[in-house]
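Have a look at the structure below before the remarks.
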Amino acid sequence: MKFGVVVFPGSNCDHDAYHVISKVIGQPVDFIWHQATSLEGYDAVILPGGFSYGDYLRAGAIARFSPIMRAVTSFAATGGLVLGICNGFQILCESGLLPGALLPNRTMKFVCQFVHVRVEATDTPFTHLYERGQILSLPIAHGEGNYYCDAETLERLRRENRILLRYCDEQGRVTEEANPNGSLDNIAGICNRQRNVFGLMPHPERAAEEALGGADGRILFHSMAMALAELAQD
Amino acid sequence: MLEQPVITPQLIEAQGLTEDEYRRIVERLGREPNLVELGIIGVMWSEHCSYKSSKVHLRRLPTEGECVVQGPGENAGVVDIGDGWYVVFKIESHNHPSFIEPYQGAATGVGGILRDVFTMGARPVAAMNSLRFGPLTEPVNRAIMAGVVKGIGDYGNSFGVPTVGGEIMFGECYARNPLVNAFALGLVREGRVFYAQAGGVGNPVLYVGAKTGRDGIHGATMASAEFDEQAMEKRPQVQVGDPFMEKLLLEACLEALRTGAVVGMQDMGAAGLTCSTCEMGARAGTGIEIDLDRVPQREQGMNAYEIMLSESQERMLLVVKRGREREIIKIFEKWGLDAVVIGRVTETNRLVVRHGGKVVVDLPNRLLTEDAPIYHRPMTPALPEGDYHRLPFWREASGHEDYGEVLRRMLASPNLCSREWVYRQYDHMVRTNSLTLPGEDAAVIRVKETRRAVAMTLDGNGRYCHLDPRAGARLAVAEAARNVVCVGARPLAITNCLNFASPERPDVMWSFSEVIDGMAEACRAFGTPVTGGNVSFYNETEGRGVYPTPVIGMIGVIEESRHLMTHRFKDEGDLILLLGETSDDLGGSEYLERMHRAVVGPVPRLDLARERAVQEVCLTAIREGLIKSAHDCSDGGLAIALAECCFSGHRNRRHGVEIDVEFAPPEVPEALWPVIFLFSESPSRIIVSLEPVKADRLRELARAHGVPITELGRVGGERYRVNLNRQTIIDEPVTELEMIWRRPLDEWLSLNVIAE
């Protein structure tokens, strides 16, 4: 089993993702330079947070043209696990691997804080170790995290049970006040139809150790590792 | 090529030089300088670069200590934190640019201090900032604040350094003189520190990073003069930042340093190419010769004067081992950055610059560095008059009828209320090292490879320093040390940012000298040497200056991360105790300013031996696992500190308190006992909470160190209740107090949106 963390110019949560995989859940992991054109030998790829290409023009808009993204697309098509965190989610949307877009926050301000999210579906390699309805405490840190898609797409996301995380309050209620950025339907994370590509705005890697204020995010990485281990056994 | 104009008095003045200084130049040089040389000397002799007014005083600061690896004189200070790791840290002001262009001024302030840290081979892992603005009632002050906060956030967030803490205060004197001090801290392994020295004659000199443009020309000179009503015309002198470029520069520089092919590196900050070339040469006892035709330029037709004085951001100068330049250039190319050999190291001790095939500058390094003028400027003591004991409320012994209401007003003070509106805009968690969230007494980041953690805090109190500069500086150092101790760290060293008005005013110069002496005394007492910092003079506009505002950036080390302590109360039933003693110390307090519109002394009395003892007791109690919370008691007094301990935080619910104390301070009218108890700002006090069974051991510790200890009450319930001498003086729901405390900045700053 091997994880890869893609490094775009301007990625700045690459070390954090690497740390979680290597030190917290103890799995093999490499950095993958954005100029690379193949993902052979990898089982899961993480597009980390940050400001790829300075997020100039629009968050993730330039990174999608990096050579690695072509490899990520075919990797996803063949069932490889792809996790996009924050800027990684934005890149996945920009490159069409996930539907919709991430607009500037409703407040027009960057926001960094712990929020609550509710796990809406557990039939994915990323969330199968959570319980449905489980409330997680995870940090967000973004200026453009306001998820938007057209009505038809939203309908499809709901029908296909592809909304994996929704912003909620401490009690798990999905309310307007608990929505930190104006996201449609309080969406914090979605997956593709095949359920092997997952993008989310919160940072699970920042809440993977008790010393950092919580470990709810660690389970996400354990889920991925376990899913891969099971796949290897089959 | 530049025409060689006749050097006129106007031209000399335009470079920020005096006629005396010009005569000195001609004498040392044995000839008249040309215009490019004059510009170079002007900027190197500016207050900002030469420290000509402050140098004689700065020498009195203690700079040596067991942990100090590098003291003042380099790009940043370096301190040994043990287990094979060094901390590199520094603070710098960007006050003048931030007044003229708040967003870019603040952003480039962050960029500059980050470069100072990674220039030395350290990866920046934390940033903080200390800010001062005019009152929020004025729209212009709100606009400056909003711009500064966004500038700091956008730069640090994109670069990928967590902004973990800092401080903000408001005051009339900062209305047209905002202070923006940026701090950065990096980590580097022992023995991997790089210095800004141009060693090895014949070695190539590389220019790397962003191209040079016509921005920021004379920024350093601007920062060395007071402003008048035409200040806004200086906007072109403010640089423009590009955090993405800086992030690439960081990664490329650290990668280049790992090759072992780099001899020395310095960032091009103030005075750009000029400062980096002559300083690197001067430090190594060599010279540097460069050819401006090779300098990557953003626009055409720049002349030598402009290229040498541009302060375009995100640029570095490297000296590389001869023969290995290709290897280094390749690394920068990988990151998409320019890297060009623009010259070489010589044995001449001179800075020689060619442009268009001709030598346009030929100056001895000495003239630009050591031989810059040093001034013993005249000083006149000027302590403001006044004593709060003579204010009407004191003379008439008129206490308040409703202390709950006073507490509410205090909690809503912009100087005391929650800073969440600010730190929410800063990514304070990137790099996954932040063991604290903003709002603790000091910020703490872990060193992943070890069990250690580093604590850091910024503290300043302009009001105290205005009333009594020497005592104010001592108090600032003491508070910084106390803050570091409250999170469980041992204080190690400081960096300072000294913000003052014009040094040409004898009263200002006197206050500067006093601040230095106060700081030196306190630093000696705590064993925290000064490893560097920054002096910012001329913080005055239209003749009105800021309070003397030294800001102390103190760092400390926690050997075992598990000893980390936080300030909030944890459990119902815990005992609350006060280490230290509350005395009649209202001078310069937030209470006097907020409730009586008075800024008068005398400032709180500080006994350094007592302060050390209190800190020792607190640190021991933390390490022994005796206490569950520790909170420094300072701005706003005990009442505010207690409230902060009650409020909710991440994974920490809100708590009530029941305080029950007998209190009769000598020589204070009985009607004013509550005021003193609640709002006096006596230093050397720490509020701790603990399980009742552990109280005896804490009392024993306190006794052994001669530290007074008072039981204040218990954690519990939902109300904030204070009984003083068996009379209830405050009884308020904590939920409401917390709301009052949380909202003010949000409310003030949302007015901007409405105004737009």
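The values are calculated or read from the model by the stated rules, or taken from the named source; none is laboratory data. As the structure is a computational prediction, the values presented were derived from the model and not from experiment. We place every Cβ from the backbone using ideal geometry, glycine too, and count neighbours over all the protein chains shown. Accessible surface areas use protein heavy atoms only, side chains included; no ligands, DNA or RNA. Shrake-Rupley method; radii C 1.70, N 1.55, O 1.52, S 1.80 Å.
Where residues in the stretch A:1-54 are closer than 21 Å to residue A:73 by Cβ and part of a helix (DSSP H, G or I), which of them is farthest from the chain's Cα centre (by Cα)? So, considering only residues that are closer than 21 Å to residue A:73 by Cβ and part of a helix (DSSP H, G or I), the one farthest from the chain's Cα centre (by Cα) is A:53. Of the residues making up the stretch B:726-740, those that are within 25 Å of residue B:710 (Cα to Cα) and open to solvent by less than 50 Å² (accessible area, probe 1.4 Å) number 6. Residue pairs whose Cβ atoms lie under 6 Å apart, separated by 6 or more positions or on different chains, with the first residue in the stretch B:322-342 and more than 18 Å from residue B:251 (Cα to Cα) and the second open to solvent by 40 Å² or more (accessible area, probe 1.4 Å) and of a type outside the set (Lys, Arg), are B:341/B:325.
Checking each residue in the stretch B:634-651 for being in contact (Cβ under 8 Å) with a residue 24 or more places away in the chain, not in a helix (DSSP H, G or I) and not aromatic (Phe, Trp, Tyr) picks out B:634, B:635, B:636, B:637, B:648, B:649, B:650.
Within the stretch A:59-78, the set of residues being over 18 Å from the mean Cα position of the chain (by Cα) and within 24 Å of residue A:103 (Cβ to Cβ) comprises A:62, A:65, A:66. All of B:415, B:365, B:349 fail the test of being open to solvent by 60 Å² or more (accessible area, probe 1.4 Å) and more than 14 Å from chain A (Cβ to nearest Cβ), apart from B:349.
Okay, residues lined up against (1) over 17 Å from residue B:618 (Cα atoms); (2) touching a residue at least 60 places away in the same chain (Cβ under 8 Å); (3) touching a Gly at 6+ places or on another chain (Cβ under 9 Å):
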{"site": "B:534", "(1), (2), (3)": "yes, yes, no"}
{"site": "B:539", "(1), (2), (3)": "yes, yes, yes"}
{"site": "B:545", "(1), (2), (3)": "yes, yes, no"}
{"site": "B:549", "(1), (2), (3)": "yes, yes, yes"}
{"site": "B:554", "(1), (2), (3)": "yes, yes, no"}
{"site": "B:557", "(1), (2), (3)": "no, yes, yes"}
{"site": "B:586", "(1), (2), (3)": "yes, yes, yes"}
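In the stretch A:162-172, the condition of being surrounded by 23 or more Cβ atoms within 10 Å (Cβ to Cβ), within 13 Å of the chain's Cα centre (by Cα), within 14 Å of chain B (Cβ to nearest Cβ) and of a type outside the set (D, E, K, R) is met by no residue.
Here's the yes/no breakdown for (1) away from every other protein chain (no Cβ under 14 Å); (2) in contact (Cβ under 8 Å) with a residue 12 or more places away in the chain; (3) surrounded by fewer than 21 Cβ atoms within 10 Å (Cβ to Cβ); (4) touching a strand residue (DSSP E or B) at 6+ places or on another chain (Cβ under 6 Å):
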{"residue": "A:32", "(1), (2), (3), (4)": "yes, yes, no, yes"}
{"residue": "A:48", "(1), (2), (3), (4)": "no, yes, no, yes"}
{"residue": "A:66", "(1), (2), (3), (4)": "no, yes, no, no"}
{"residue": "A:77", "(1), (2), (3), (4)": "yes, no, yes, no"}
{"residue": "A:80", "(1), (2), (3), (4)": "yes, yes, yes, no"}
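Candidates A:205, A:155, A:210, A:230: the one that is exposed (fewer than 14 other Cβ atoms within 10 Å of the Cβ) and within 14 Å of chain B (Cβ to nearest Cβ) is A:210.
Residues that are in contact (Cβ under 8 Å) with a residue 40 or more places away in the chain, part of a loop (DSSP other than H, G, I, E, B), away from every other protein chain (no Cβ under 14 Å) and crowded, with 21+ Cβ neighbours inside 10 Å within the stretch A:183-202 comprise just one, A:196.
Is there a residue being touching a helix residue (DSSP H, G or I) at 6+ places or on another chain (Cβ under 7 Å), in a loop (DSSP other than H, G, I, E, B), over 26 Å from residue B:496 (Cβ atoms) and more than 14 Å from chain A (Cβ to nearest Cβ) anywhere in the stretch B:615-623? No, the stretch B:615-623 contains no residue that is touching a helix residue (DSSP H, G or I) at 6+ places or on another chain (Cβ under 7 Å), in a loop (DSSP other than H, G, I, E, B), over 26 Å from residue B:496 (Cβ atoms) and more than 14 Å from chain A (Cβ to nearest Cβ). Within the stretch B:128-150, the set of residues being within 13 Å of another protein chain (Cβ to nearest Cβ) and either modelled with pLDDT under 95 or open to solvent by 10 Å² or more (accessible area, probe 1.4 Å) (or both) comprises B:146, B:147, B:150.
Suppose we filter the stretch B:711-722 for residues that are open to solvent by 50 Å² or more (accessible area, probe 1.4 Å) and part of a strand (DSSP E or B); how many remain?
Matching residues across the stretch B:711-722 total 4.
The residues listed here are B:681, B:738, B:732, B:691; of these, the one that is out of contact with any strand residue (DSSP E or B) (no Cβ under 7 Å at 6 or more places or on another chain), modelled with pLDDT of 95 or more and more than 21 Å from residue B:632 (Cβ to Cβ) is B:691.
Counting only helices (runs of 4 or more DSSP H) that sit completely within the stretch B:92-201, those holding 2 or more residues that are among the aliphatic types (A, V, I, L, M) and farther than 27 Å from residue B:594 by Cβ correspond to B:102-118. With respect to the stated conditions, residue B:120 is in contact with a strand residue (DSSP E or B) (Cβ under 6 Å, 6 or more places away or on another chain) and among the hydrophobic types (A, V, I, L, M, F, W, C). Selection over the stretch B:549-581 of residues that are open to solvent by 20 Å² or more (accessible area, probe 1.4 Å) and on the phi < 0 side of the Ramachandran plot gives a count of 12.
Identify all residues within the stretch B:515-534 that are touching a helix residue (DSSP H, G or I) at 6+ places or on another chain (Cβ under 8 Å) and surrounded by fewer than 22 Cβ atoms within 10 Å (Cβ to Cβ); write none if there are none. Across the stretch B:515-534, the qualifying residues are B:517, B:521, B:525. Scanning the stretch B:151-168 for residues being at the interface with another protein chain (Cβ under 8 Å from one of its Cβ atoms) and surrounded by fewer than 24 Cβ atoms within 10 Å (Cβ to Cβ) gives a total of 1. The residues of the stretch A:83-104 that are more than 23 Å from residue A:14 (Cβ to Cβ) and assigned to a strand (DSSP E or B), listed by number, are A:101, A:103. Looking at B:289, B:299, just one residue is more than 26 Å from residue A:11 (Cα to Cα), in contact with a strand residue (DSSP E or B) (Cβ under 8 Å, 6 or more places away or on another chain) and among the acidic types (Asp, Glu), and that residue is B:289. Residues that are away from chain A (no Cβ under 14 Å) and buried (at least 22 other Cβ atoms within 10 Å of the Cβ) occur in the stretch B:388-406; there is at least one.
Based on what the data block shows, is residue A:54 within 11 Å of chain B (Cβ to nearest Cβ), closer than 23 Å to residue B:337 by Cα and crowded, with 24+ Cβ neighbours inside 10 Å? The answer is no for residue A:54. Any idea which residue in the stretch A:105-150 is nearest to residue B:156 (Cα to Cα), counting only those that are away from chain B (no Cβ under 14 Å) and part of a strand (DSSP E or B)? Among those residues, the one meeting the criterion is A:146. Note on the stretch A:8-27: residues that are more than 9 Å from every other protein chain (Cβ to nearest Cβ), in contact (Cβ under 8 Å) with a residue 24 or more places away in the chain and either touching an Asp or Glu at 6+ places or on another chain (Cβ under 8 Å) or open to solvent by 60 Å² or more (accessible area, probe 1.4 Å) (or both) amount to 2.
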